[in-house]
Structures are given as structure tokens and as C-alpha cells.
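Bear in mind that the values in this text are calculations on the coordinates, not laboratory data. Quick caveat: nothing in here was measured; it's all calculated off a predicted structure. Here the Cβ positions follow ideal geometry from the backbone for every residue, glycine too, while neighbour counts run over all protein chains shown.
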Amino acid sequence: MPTRLWNLLCNLKLAIWLASVATVLTMAGSIVMIKYPKTFGSIDQMILADWFARFGQARPGLSWWLWLVAGAVLLLGLNTLCCFFDWLLRIRARWRKSGEYLIHLGFILCLGAFVWGSLAGSRSEGNAIRVGESLPLAGLLPGHALRLDTFEPVFVGGQFSDMRSTLTLLRDGRELRTEVIRLNHPLTEGDLIVLPATFAQEAEGFRCDSPQGSIELRPGSVLRLPDGRVLRVLRFFADVRRGGDGRIYPVGDEVNNPAFELELLHPQDGPWRGWYLLREGLPAPLTAAGIQLQPREPLLRAISVLTINRDPGAELAKIGGILMGLGVALALLSFYAKRRRGDRPELD
Amino acid sequence: MSPALTTVLLSAAFAAYLGATLLYLGHLKWRRPGLAQAALVTVSSGLALQTTVLLARWLAAGYLPVTNLFSTLFFFSWALAACYLYFELRYRIRATGLFVLFLNLLLLGAALPRDPAIKPLIASLDTPLFTLHIICSFVGYAFFAMAFSLGVLYLLQQRLGTDLFPELPLLRKLNEEAIFLGFVLFTLCMIFGAIWAFVAWGYWFSWNIKSVWSFIVWLFYAGMCHAKFIKRWQGTGYAWLSIAGFGVVLFTYLGIGLLLSSNHPLD
């Protein structure tokens, strides 16, 4: 019985049947994927286990084929593994097939790596980080954080071309390494991979003309006036509305109705604090103090938006890929050698 | 190289392939070895012209310019001509490659009316992995196209039994070789694509329709590489599988690229 089972598991016809079943099921499934983008549209944004938990289980009528594909491919993997071991047992007689069986081993490793990554990995998109800020990676890599040191969108001929983020990976506050990431050049650390996804800009203040010249006002800016008074910028919002109670409420990130919260300090008088809505003009206490400001343009700062994934199977997949590459090279060599010898499958 | 010169040279290549097709047809009818020799020279000239255009465009662009429908049709046609020449020089298949030449005329004919202007490379394609992925993919496709042609010819020869075409054992041998070489190249294409996907997207297998169908193509031909060891599938079965497989390839390349939204758009 064990021999029969082993022979079945090593059976070439079984491999062809399983490959055919997986092919046909995947073909059919791909049509379902196209027809139901709401269910399958986010399948690449999360690992397969999470997708099954969120979407697959909720729509069993649409996801059943994936179970069957998984079953067929896993059985094919088992069949391939058994064939590989069967070859190993007879390697002295069949060493010329090394290339073909390296492809088998590479496929098994890639399949294992995919299963591992699909169960134990994680994917996280839309991680916005500003220059100087740190982003804790608690859910992905406990004790680690990413700090964005610099960010530079690259434009060539006025067209967006690339984005360069200088990222420092920190562990318990200590710097592990710093790397510049850009398209096709991610930061990797173990099974963690950090990629630039996109970027955004947000207004952090305003450039204004004043009798002292052009000045940049952003939270923390200090303007020293000739009479000893000091104007401090406390806060800036790109878009605000004045509520019925007279208070100022931020409403969005688009520069629409920008406002500064300012503080005017005087050596003798008490401080004044209030809001300067740029569309409304300077508040009376500031004009009375002789302050003149003419808003010119918003001061923009970039936000790098990162994709942060973890794939514990990636290294295994890399080994699998290398083995497959070596396998096809060896198989190619042995193919031509065999052709020279006239050694090929029997004819009809 | 200006778009106008590109069009002129590619039109000349098209004329060369058309001439070669006619010469091979003449060879089939009159059995003059000189005609087959002339056809070989003509095909070689067409490939030389296409290679010149390809290299000039590559140098001018600074990257392998295979990023839209024109350039993929052109590159596929180039790969197919190179693949045909490989079989012709190795096995002297002569008019056996007529189907491939017809297919090549279709591909190049479809490319010619399109705009050959080279567009600036988008940053995500700016990696050697793109070049390797593209070359392996299209040369692999070319071998699958060759296998398709040989499969059709095998079935024809089985029915006609004519001495115009090679004997069935040779056709079968050529078909198996085309499938094997196509599978080897397509495997490399998948490996380079997976590495690229990992550094570009953070995962090495995508459920995008193009990636799924590329996996289907790989699985199908992997199955074919095994099927040649099963007597029942040798010869006729293999010929039918070669034809079906090329249908899958065409859908993966053109069907998805033109009809569906994917991460491999053609235009």
C-alpha cells in the first residue's frame, strides 16, 4: 500500500492532471475576478489569509474556486516534491536530469514561500510620514520605527519622475541603518520591505511680504518688531471656518481659507493672542501695533506615503527563484547534449 | 532614429518577410533549392533591418523601448523572425516556417500603421529587470508561436502526408524543442518579473489579471513539458496542445493588454 501511494504521488500523469485542473480553474476564476472587482479589487492589498477572512468568507459563492485552485496547486506541489525525492533516490542513474529537478525544487520552495507569506505576512499601504517624523512599526516589527530624514520628489521636464526618501530604521530608538529609497529601490530588513508609494503636499505656513522683506511664517516662527514687540506663530491651518460661537475650526488640508494663530508679546503690555484669517486681513490689534503683512503663497512640505510589507517567505522564494534559474540553465545545456546524442522520448 | 526612418526601415523589413513568404511558396510549388536559399537570405535581411531599428531605438531611448502596442508588436515580430532563423539554420526547415512568416507579417503589419515615437521611460520601468523580463517574455512567446505553427503543420502533414513538408517525427521533434525553449525563457521571464514585482510593489506574486494569466501560461507549458513523456500525448496531442497554448499566450499578451485593465497596459 505505501508503495502504491508513493507511486501515485510520483506519477507523471497525476502532475499533468493537477496542472490541467489548476490551469482551467484559474482561467475560470480570473473571469470571476474581473466580474467582481469589489470583492477581488483589494486582494493584492492584503495577504491572502486576511483577504479570505474579510472577503472570501463573506462571499463564498465567488471565492470557492480559489480554494480549489489552492488545493490543486498544493497537491501539485506535493506531487512535485515526491518526484523530486524519487529522483534524489535514483540520482546516480538520473543525474543528467539535474536541471529539470532543480526547477522542481525551485517550484516547491516558491510554493512554500507563497503559502508562508500568505499566512504569516502583512501588508500596509498609505503610511504617510513627514520629514523629521518617526513612524512606529509596532504592528509589523515590534520595537522598530522608521524616520523620514529627507524627501525629494523628482521632476524631469516638468513631469513627475521619481521620489527619493531618506529613511532611517530605528530599533528601540537606536539607528540601525539609513537608506535612500526610490522606485524599484526599497528598504529591506529581514522580511520587512518599505517602498515609496506616492507623495502628497501639505501647507505648513505662508510666505508673506512685510516691511522687513519676504518672510516665511510657520508654527514656531518669530518676528521681532523694531519697537521690541515679538510676534510668534503658534499654529497654522490650511482651511478653517469660523463657528457660530466665533471660534476657529480646521476643516481640511487644502489651502482654501488659511489661518494663523498668533501671539503678540509686548515688554510692557500683556500678550495678545488671536487668529489671523488671511482672507479677512490682519486683526485690529496687529494693525494697531503697526504690523504689515501681505500673504503671497503657501509654504508646502512634502509627505512621503509608504507601503510597508512583511513577507517571511520572500527569502525562501528568492532561493526558489535562483534554483529555478539554475535549473533552466542546466536543463538547456542537457537538452542540447541529449539532442546531440539523439536521446529523446520515444516516437509514436 | 526619426519615426519616418523607422517606418521606412520597418516597411522594408515587412517587404523582405513578404518576399521570403512568396519565395517559400514558390519553393513549395517548383522545388527549386535556389528559391529556398533566396528566401533565407531575404528573411535574414528583414531580421537585420529590424535588428538595426531595434538597436538604434534602444540607443536613442537609453532603454529597451518595448512599452506600448507598436513596440511590443515590433519586438514580438523581431523575436519571431529570430526564432524562425534559429530553426532554419539549425534544421533547414525551409517552408515549414511559412506559418511563422505569415504570423510575422500580421504582427509587423499591425505595428506599421502605429506611431513609432519613443516616449520617455516612466521611472517604474527604469530597471534592468524590465529589460530582462521583456526579452525573456517575448522570445518565449516567439517560441510558443513557432510551436503553434509546427503544431498546425503537424496536423496538416498527418492529413496530407505530403513530401512538401518535413516528416512527422521531425515536426514533432521541432515542436518539442520550441515548447522547451519557450518554457525555459518564460520561466526566466517569470523569475525576473517576480523579483521586479517584489522591489516595485513589495510582493512577488500579484493577483492582477496579467500576472494570473502569465502563471496560467507557465503552468500550461510546464504541463506540456511533462506531457511529451506520455505516449498518448506525443505527436497529435502535442500538436493540439501547442495550438491551444498559443491561444492562451495570445490572450495573455493581446487580449488582456487591449481589452482588460491590467498592470501591463499596452497603450
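Between B:ASP115 and A:SER42, what is the FRET efficiency for a Förster distance of 30 Å, r being their Cβ-Cβ separation, to the nearest 0.05?
Values: r = 36 Å, r/R0 = 1.19.
With R0 = 30 Å, the Cβ-Cβ based efficiency is 0.25.
Full extension of the segment from A:ILE34 to A:ASP269, taken as 0.36 nm per residue of separation minus the current Cα-Cα distance, would add 77.6 nm. Shielding by partners for peptide A:112-122, expressed as the average number of C-beta atoms from other protein chains within 10 Å of each residue's C-beta, is 1.
Mean Kyte-Doolittle hydropathy of 1.6 or higher plus an axial Cα length of 15 Å or more: which whole DSSP H helices in chain A meet both?
A:12-35
Would you tell me the mean number of C-beta atoms belonging to other protein chains that fall within 10 Å of each C-beta in B:219-228, as a whole number? The partial results should precede the final answer.
Values: counts 9, 7, 1, 9, 9, 2, 5, 7, 6, 2.
Shielding by partners across B:219-228 averages 6.
Shown here is the pair-distance distribution of the protein assembly as shown: with all Cα-Cα distances grouped in 20 Å bins from zero up to the longest one, the shares run 16, 40, 27, 12, 5, 0 percent.
Residues A:ASP311, A:ASP209, A:ASP191, arranged from fewest to most other Cβ atoms within 10 angstrom of their Cβ, appear as A:ASP209, A:ASP191, A:ASP311.
With both labels modelled 7 Å from their Cα along Cα-to-Cβ, the A:ASP86 to A:VAL24 distance reads 2.3 nm. Taking every DSSP helix (H) stretch of at least 4 residues in chain A, weighting each as -39,500 (n - 2.57) and dividing the sum by the residue count yields a mean residue ellipticity at 222 nm of -12000 deg cm²/dmol. Structural descriptor for chain A: relative contact order 20 percent, calculated from alpha carbon pairs under 8 angstrom and at least 6 residues apart. Only lysines eight or more places from A:LYS97 in sequence, or on another chain, were considered; those with a Cα closer than 28 Å are A:LYS13, A:LYS318, A:LYS338, B:LYS173, B:LYS228, B:LYS231. In plain terms, the chain from A:ALA284 to A:ARG96 could stretch by 58.6 nm, reckoned as 0.36 nm per residue minus the Cα-Cα distance. Hydropathy first: keep DSSP H helices in chain B averaging at least -1.0 on Kyte-Doolittle, then drop any whose Cα extent along the axis falls short of 27 Å, and list what survives. Within chain B the helices that satisfy the rule are B:3-30, B:33-61, B:69-91, B:128-160, B:168-201.
Determine, for B:LEU49, A:LEU81, the number of other Cβ atoms within 10 Å of each Cβ, and report the residues in order from fewest to most.
On the way: B:LEU49 22, A:LEU81 18.
In order of increasing Cβ crowding within 10 Å: A:LEU81, B:LEU49.
What's the extension gain from B:LEU22 to B:ALA82 if we count 0.36 nm per residue and subtract their Cα-Cα distance? It would help to have the intermediate numbers written out before the result.
Working: separation 60, 0.36 × 60 = 21.60 nm, distance 1.88 nm.
Length difference between fully extended and current span is 19.7 nm.
Spin-label model, A:ARG130 to A:ILE319: label points 7 Å out along the Cα-to-beta-carbon direction sit 4.5 nm apart.
Neighbouring Cβ atoms within 10 Å as the yardstick, rank A:ASP149, B:ASP163 fewest first. Provide the component values of the computation, followed by the final result.
Numbers: A:ASP149 12, B:ASP163 9.
With the sparsest Cβ surroundings first, the list reads B:ASP163, A:ASP149.
Around the Cα centre of chain A, unit charges on the Cβ atoms of Lys, Arg, Asp and Glu (plus for the first two, minus for the last two) sum to a dipole of about 1600 debye. Take every Cα pair under 8 Å whose residues are at least 6 apart in sequence, average their separation, divide by the length of the stretch A:212-291, and the relative contact order is 22 percent.
Shielding by partners for peptide B:117-128, expressed as the average number of C-beta atoms from other protein chains within 10 Å of each residue's C-beta, is 3. Relative to the Cα centre, the charge distribution of the protein assembly as shown, modelled as +1 at Lys and Arg Cβ and -1 at Asp and Glu Cβ, gives a dipole magnitude of about 2480 debye.
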